[in-house]
Structure formats: structure tokens, C-alpha cells
Amino acid sequence: MVTVNISNIFDFVDKQRVLSFQKIISKNHQALLEKIGAGNNFLGWLTLPSDIDDALLRDIDSTAVRIRELADVFVVVGIGGSYLGARAIIEALKHNFNQLLQTKGAKNPIILYAGQNLSEDYLADLFDVLDRYDYAINVISKSGTTTEPAVAFRILKNHIEKKYGNGARERIIVTTDSSKGALRKMANDLGYKSYIVPDDIGGRYSVLTSVGLLPIAVGGFDIKALVNGAKKMQQQLAETTDIERNPAALYAASRNALYMQGKFIEIMVNYQPNLSFFAEWWKQLYGESEGKEGKGIFPASVINTTDLHSMGQYIQDGERKIFETVLSVGKSKRKLLIPAEKEDLDQLNYIAGKNIHYVNQMAERGTTLAHLDGGVPCIEISIDKVDEYHLGGLIYFFEFACALSGYTLGVNPFDQPGVEAYKRNMFALLGKPGFEKESMEIQKRLKK
Ligand code: PA5
């Protein structure tokens with residue numbers, strides 16, 4: 001379902017070097033499955049696809065049906081791992097221009113996002129839409145205390161209550177911890193429908209829990225197929241630790257081998273604009289899991305061929321610290337042929353009769369070879385097509401490979417201590433109770 005081809009890295013690291021990671025990869029694979037490695041209390045995602053309860057999927061689907069009846073717009077409120085996974089899948093599967101095809105009351109809500117930034121203009125613009133359309137909200141926060149979604153939710157709650165009065169309650173769904181946090185208390189006290197983020201699953205590994213599944217189901221997509229794809233991948237990756245037979249092991253070993261050769265920037269390249277948020281999800285997964293203790297590959301992304309006309313020059317010819325991971329898609333969802341023209345004024349008759357995806361694939365192949373010639377190794381990760389089943393497999397593949405890769409790098413891929421630093425400063429500047437000392441210190445720094 002997911003294949004990994006590393007033949008385009010051998011000019012930079014030979015195959016034996018990649019295979020030399022076998023011992024450590026096997027050890028880390030075992031540590032993961034036996035739950036004996038660092039962060040082992042956050043491994044619930046490992047067996048999530050096979051453990052997931054059919055009753056939960058049915059419940060999510062029935063909530064989604066209800067929301068689709070009620071709302072023209074569904075606002076997903078969350079940040080980081082409580083937002084990116086759902087958006088990655090929804091953007092990958094939706095019609096590229098669904099906003100313009102939508103008719104009021106179509107029972108196919110447009111999904112919009114809030115709480116993933118603190119921009120006043122963004123939120124104010126969102127309210128212009130929410131004044132006009134019927135809407136519902138899913139606020140998602142595992143801790144239930146993250147500032148960005150909390151601020152957005154407070155304002156949204158105020159708006160929805162004014163708009164619908166007592167009817168607001170059925171339009172708010174909460175996804176949070178089972179017992180802790182302000183959001184859990186609010187859900188219980190105010191009687192909102194709620195879903196639980198399991199204790200042993202961290203934000204960036206949570207897309208296959210209610211965190212991702214409810215918004216994806218409201219988007220009209222098949223969550224059962226998504227989970228089935230992940231389940232298939234779960235079985236495949238548990239079967240063997242052999243780098244040559246386990247694609248996640250191969251990816252983890254290859255990127256660590258490249259990193260040790262000084263290639264410390266990994267660019268996820270894809271040729272489908274609707275996968276741009278998949279790359280954002282991947283960046284968070286790898287960046288937050290590996291970037292610690294002064295170590296880690298810096299994850300970046302480009303969407304080609306668009307970015308060949310902006311970042312292409314740098315990738316071809318700039319600092320040689322990068323490698324690429326191309327996310328290659330075998331088949332397009334739609335077919336569009338290039339027509340022949342009698343006069344051939346634009347001189348494109350040489351590709352007449354070909355479909356656009358073929359041209360895109362030739363761009364992909366040509367670019368990979370050009371970058372190789374320019375000193376950029378390339379890992380290729382392929383899926384047959386972009387649908388729920390393949391995306392489910394790809395999610396699990398990247399999660400598993402990330403855990404293996406993080407252990408191989410020697411870090412705990414399941415914590416994110418660095419994320420706290422900005423929060424301390426922000427709370428000190430905002431005068432949050434409990435941050436009085438930090439507040440005084442930061443004011444002194446600002447006066448210097
Ligand atoms: O991956 C993570 O753990 C983080 O990115 C969190 O998902 C993010 O900080 C949001 O946290 P919360 O769900 O507690 O609001």
C-alpha cells in the first residue's frame with residue numbers, strides 16, 4: 001500500500017550504510033511493540049487501528065449525520081496535533097473548490113478552522129461567515145487549557161449562544177480528556193456532547209481518534225476505510241523488523257543515515273496541492289517528535305510544480321544540506337486530456353492526448369533526477385491513490401516510522417518540552433495569575 005524506494009540516495013550513502021542500522025532498528029522496533037522505550041506511556045496509537053471500537057465509529061458517524069443536517073459550516077477549533085491531522089485528511093479528500101460549489105442547506109458542510117492562531121482579523125473575518133450561515137463547532141484540546149483554542153472557543157461560544165439561544169448546546173461538540181482540564185468541566189457542566197482523547201495518545205499521534213475522525217466524518221468521508229487502511233499498515237509493520245521488508249524501518253534507517261552525512265533538512269515534496277496540509281501534519285509529527293536536545297532533521301515542504309518556480313533554484317543549487325522525500329501518487333482521481341489543436345500555436349501538440357497527471361509525473365521524475373545531479377538525495381514514498389484507505393495507511397506508516405526514527409536518533413519522540421518556552425513568556429506578558437515572577441523578569445528584559 002505504501003512503498004519506499006531509496007535507490008536515489010545511493011550516490012550519497014551506500015546501501016550497506018543504510019543496512020548497518022538493522023541492529024538498532026530491530027532493537028527499537030521491539031522497544032516500541034513491547035512498550036519498553038522512552039515515552040512508553042504514550043503508545044496507545046500503536047494498536048489504535050486494530051483496537052478501535054466499532055461502536056465509537058458508529059457514534060461518530062451518527063453525530064456527523066446530525067451535524068450535516070444542522071450546519072452549513074463546521075468550525076473545528078484546535079491547534080497542533082488537535083487540528084492538523086483532521087485538516088490534512090479533509091483537504092486531501094475534498095473537492096479543491098468545494099466552497100464555490102456549495103449551496104445553502106446542501107447537508108455537506110464546509111469545514112473551517114479556528115484556534116490555530118491568535119489573529120484578530122482571521123477570527124473577525126470568520127464571524128462574517130458565521131453571521132450568515134448555520135454552523136456548529138467542534139472544540140478539540142487534549143489538555144483543555146491551550147490558549148489559542150480556548151480564546152477562540154470563548155468568543156465562538158458567545159456568538160453561537162447569541163445566535164441560537166438554547167439551541168446552541170446541540171451545536172457544540174467537545175473533544176478532550178476524560179476527566180481533566182477546563183474543557184472537560186465545561187462539557188460536563190453545560191451538557192455538551194463530548195468525545196475522549198485517550199490518555200496514552202499524544203496530540204500529533206491522535207488523528208485516528210475522535211480528534212481527527214469526527215471532523216473527517218462531518219466532511220463526508222469514510223472513517224471506516226481510513227481506519228482499515230491504518231489497520232492493514234499496522235499488521236504489515238508489526239510483521240518484520242527487516243529494513244528491506246518493512247517500509248517504515250527503511251524510511252527511518254535512510255533518513256538517519258542521510259542525517260549522519262550532514263543532510264539535516266528534509267523536504268517533503270509533493271505534486272498534489274490537496275496534499276499540502278498532509279505535509280503540514282508530517283512537519284509537526286517529525287519536527288515536534290525529533291527536534292530536541294540539539295538534534296533532529298528539520299522538516300520542510302514544497303508543493304510542486306508550483307514551488308519549482310520559487311524554491312526550485314535553492315533546492316537545485318543552494319546549500320547542500322538537504323534531502324528530499326517525494327510523496328508520489330500513482331493515479332489521479334479525475335481524468336483530463338490535453339486536446340490536439342490544428343494550428344499548434346502554443347506548440348503543445350507533442351503532448352496532445354496525454355492526461356495532465358502523466359505530465360505531472362514526468363515533471364516529478366525529471367525534477368528528482370535534476371536534484372540528484374545537483375547533490376540532493378531523494379527518498380520516494382509512493383501510494384497508489386489519494387483515498388481514505390491509502391491515507392489511513394500512510395498516516396500509520398509515518399507515525400510508526402517517526403517513532404522508530406526518533407528512537408534511532410536517541411530522543412523521546414513522544415514529548416515536546418520545547419513548546420512550553422513561548423507559553424511561559426506569553427503568560428508572563430499577559431499577566432496570567434501564577435506567572436508574577438516571570439512577568440517581572442520579562443518586563444526587565446524588555447526595558448533593556
Ligand atoms: O502534538 C502535540 O502534543 C501538540 O501539538 C498538541 O496537540 C497541541 O499543543 C495542542 O494541545 P491540546 O490538544 O492540549 O490543546
- [ ] Answer yes or no: is there a residue in segment 118-126 that is surrounded by 13 or more Cβ atoms within 10 Å (Cβ to Cβ), polar (S, T, N, Q), under 30 Å from Asp415 (Cβ atoms) and under 25 Å from the mean Cα position of the chain (by Cα).
- [x] no
Task: Residue within segment 319-336 that is assigned to a helix (DSSP H, G or I), more than 21 Å from Ala257 (Cβ to Cβ), under 27 Å from the mean Cα position of the chain (by Cα) and modelled with pLDDT of 95 or more present - done: no
TODO: Among the residues of segment 407-431, write down those that are in a loop (DSSP other than H, G, I, E, B) and either touching a Cys at 6+ places or on another chain (Cβ under 6 Å) or within 16 Å of the ligand (Cβ to nearest atom) (or both).
DONE: Val411, Asn412, Pro413, Phe414, Asp415, Gln416
Open item on the list: Tally up the residues in segment 188-207 that are away from the ligand (no atom under 14 Å from the Cβ) and either closer than 22 Å to Gln416 by Cβ or assigned to a helix (DSSP H, G or I) (or both), please.
Closed with: 3
Open item on the list: If I go through segment 279-331 residue by residue, how many of them are on the phi > 0 side of the Ramachandran plot and without any contact (Cβ under 8 Å) to a residue 24 or more places away in the chain?
Closed with: 1
- [ ] Taking Ser178 as meeting all but one of (1) within 16 Å of the ligand (Cβ to nearest atom); (2) surrounded by 20 or more Cβ atoms within 10 Å (Cβ to Cβ); (3) over 25 Å from Tyr286 (Cβ atoms), write down the number of the exception.
- [x] (2)
- [ ] Could you list all residues from segment 1-19 that are of a type outside the set (D, E, K, R) and exposed (fewer than 15 other Cβ atoms within 10 Å of the Cβ)?
- [x] Thr3, Ser7, Phe10, Gln16
Open item on the list: Checking Val386 against (1) part of a loop (DSSP other than H, G, I, E, B); (2) aliphatic (A, V, I, L, M); (3) farther than 20 Å from Met1 by Cβ: exactly one of these is not met. Which one?
Closed with: (3)
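The values are calculated or read from the model by the stated rules, or taken from the named source; none is laboratory data. Since we're looking at a predicted model, the values are computed, not measured. Every residue, glycine as well, gets a Cβ built from its backbone with ideal geometry; the counts of neighbours run over all protein chains shown.
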